[in-house]
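Okay, structure first, notes after.
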Amino acid sequence: MTALLPEGFRDRLPPVADSAAALEARVLEAARLHGYERVDPPLAEFADGLEMRLKAGGLHDAVRFVDPVSQRTLAIRPDITAQVARIAATRMGHHPRPVRLSYAGSVLKLRASQLAPARETRQIGCELIGLDSVAAAQELVAVAVDMIAAADVTGASIDFTLPDLVPTLAAGPLPVADDLVATLRDRLDAKDAGAVAALAPAYLPLIEAAGPFDQAMDRLRAFDTTGALASRLDGLARIAEAIDGRVALTLDPTERHGFEYQTWLGFSLFADGSAREVGRGGTYTIVHETGAEEAATGFSLFADALVERVATVDRRRLFLPFGTPATEGAAMRAQGWITVAALEAGDTPEAQVCTHLWVAGEPRAL
């Protein structure tokens, strides 16, 4: 029993762990080239501080425990976004806006789902803090596309959503009682036409306004007879234009799953053959210690979903027989080879999982 791991946890063994580390490095480099500097927050921190940092809450499914030193409740991060928000609002509060930050780290959720049974996962992402504009959203979406390209993802697509669409309409041109808004949002998300017809039939066209981006946009514009959504739709169109056909685009204006704290824009990243998202992002609001609010835009990539898509792993390993001069091994490593030196005379390349053997001053394939 001592070899078993808790449900939702796993070991990552070679060569997959090496491949995952290399993928993460490539993805973060794509972010760095856009000016996003890396931060590395701790695995756990005070729960109340994390919970208040995002306006709509950012501490869902967190594992909490009492710190024996401070006697306060700590939370192991279920998401890194709230931690980056804390850093931007406090340690980097003096920094000129917008501030561009990237990160990578493990997160832990209290519960898992059948589609995503892992409780500990790896998260990579970027946050642009201090600016709420179409230009900011354009940049973040473009950076996300570059990062998944760096991960060698094929068949990438982006599904846009408008998280605050229903509250905006309910408070304006299509009134809905406050106590029914949450239910209406859930039924629209579930595409439950019968329930929507019973609650607010004027919202039924939103169920049909989902699908390929251009087609969905035409339906949304036809639905928006009052112009209440014009600025959102115009901004969404500009964001799509900036991608310039690099990935396929779809739109589901009432999608809510995974967008608990996003404001006017949300998006999910998909790839061919993936049963779930490989990333998710959008606009949101940070809360400062004083209660002041600050706009931000960001996204997270789910590293495990990206690594699962790596079909082959480059494991070119050169076996150096026992007694090979150290200078020869150093010269081959300088050329990019992975060298494995025999530490005793009976060692073999097969035992060391090598693909090549050092013979007469050159590598030979096995």
Please indicate, with yes or no, whether at least one residue in segment 162-182 is under 13 Å from the mean Cα position of the chain (by Cα), open to solvent by less than 20 Å² (accessible area, probe 1.4 Å) and not small (Gly, Ala, Ser). no
Scan segment 234-271 residue by residue and report those that are of a type in the set (Gly, Ala, Ser) and either part of a loop (DSSP other than H, G, I, E, B) or open to solvent by 40 Å² or more (accessible area, probe 1.4 Å) (or both). Ala242, Gly245, Ala248, Gly258, Ala271
Would you check if Glu344 is open to solvent by 70 Å² or more (accessible area, probe 1.4 Å), at pLDDT 95 or above and among the acidic types (Asp, Glu)? yes
Does any residue in segment 43-58 that is in a strand (DSSP E or B) and surrounded by 17 or more Cβ atoms within 10 Å (Cβ to Cβ) come within less than 9 Å, Cβ to Cβ, of a residue that is among the polar types (S, T, N, Q) and modelled with pLDDT of 90 or more six or more places away or on a different chain, and which pairs are these? Glu45/Gln83; Leu54/Thr81; Leu54/Thr285
Which of the residues that make up segment 213-232 are surrounded by 17 or more Cβ atoms within 10 Å (Cβ to Cβ), among the hydrophobic types (A, V, I, L, M, F, W, C) and assigned to a helix (DSSP H, G or I)? Phe213, Ala216, Met217, Leu220, Phe223
Of all residues in segment 272-288, how many are farther than 26 Å from Glu24 by Cβ and either open to solvent by 40 Å² or more (accessible area, probe 1.4 Å) or touching a Gly at 6+ places or on another chain (Cβ under 9 Å) (or both)? 1
Kindly establish whether Gly291 is free of Cβ contacts under 8 Å to residues at least 40 places away in the same chain, open to solvent by less than 60 Å² (accessible area, probe 1.4 Å) and of a type in the set (Gly, Ala, Ser). yes
Please return the ranges of strands (runs of 3 or more DSSP E) entirely within segment 289-351 where 2 or more residues are touching a Cys at 6+ places or on another chain (Cβ under 7 Å). 293-302, 317-320
Phe299 - would you say it is aromatic (Phe, Trp, Tyr), at pLDDT 95 or above, surrounded by 12 or more Cβ atoms within 10 Å (Cβ to Cβ) and under 15 Å from Phe259 (Cα atoms)? yes
Mind listing just one residue for me: the one in segment 1-25 that is open to solvent by 90 Å² or more (accessible area, probe 1.4 Å) and in contact (Cβ under 8 Å) with a residue 60 or more places away in the chain and, of those, nearest to Ile124 (Cα to Cα)? Asp18
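The values are calculated or read from the model by the stated rules, or taken from the named source; none is laboratory data. This is a predicted model, so every value here is computed, not measured. Because the Cβ atoms are built from the backbone with ideal geometry, glycine has one as well, and the counts that use them run over all protein chains shown. The protein model used for the area step is the full one, side chains on, heavy atoms only, and it has no ligands, DNA or RNA in it. Shrake-Rupley method; radii C 1.70, N 1.55, O 1.52, S 1.80 Å.
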